1. At each listed q (0.15, 0.17 Å⁻¹), what is the log10 of I(q)/I(0) that the Debye formula gives for the range 2-71 modelled as equal alpha-carbon point scatterers?
2. Could you compute the longest span of the chain free of chymotrypsin sites (Phe, Trp or Tyr not before Pro) located in DSSP loops and having at most 14 other Cβ atoms within 10 Å, not counting the site residues?
3. Which ³J(HN,Hα) values in Hz, rounded to whole numbers, follow from the phi angles of the range 35-44 under the Karplus curve 6.51 cos²θ - 1.76 cosθ + 1.60, where θ = phi - 60° and Gly and Pro get x?
Amino acid sequence: MLLEVLLALGITLSLIAIEQKDLVHSVIVLAGLDLVIAVIFFYFKAPDIALTQAAVCAGLMTFLFLIAIHKTERFEK
C-alpha cells in the first residue's frame, strides 16, 4: 500500500514539475520528487542509495539548478 502511494505521489510530482511555468517552482517540485524517490529506495532496503539520492539529487542538484536559474535572465510573458 505504501509503495503504491509513493509511486502515485512521484507521478503526480513529475506531472506538476512538467506543467509549471516558473522554473524555480519546477525545481522545488523536482526536489520533492527526489525525496520521494529516496523514500522508495529506503522502502526497498537500500539506505545507502536513499541517502545518496537525498543528498546529491535533492540537495546538491537543487542548489545548482537554483544558482543556474538565478544567473540567467528570466523572460516572462
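What follows draws every value from the coordinates through simple rules; no lab data is involved. Please read these numbers as outputs of a predicted model, since none were measured by experiment. Here the Cβ is made from the backbone with ideal geometry for all residues, glycine too, and neighbour counts use every protein chain on show.
1. -0.49, -0.61
2. Here the longest segment lacking exposed loop sites spans 1-43.
3. 5, 5, 5, 5, 5, 5, 4, 5, 4, 8
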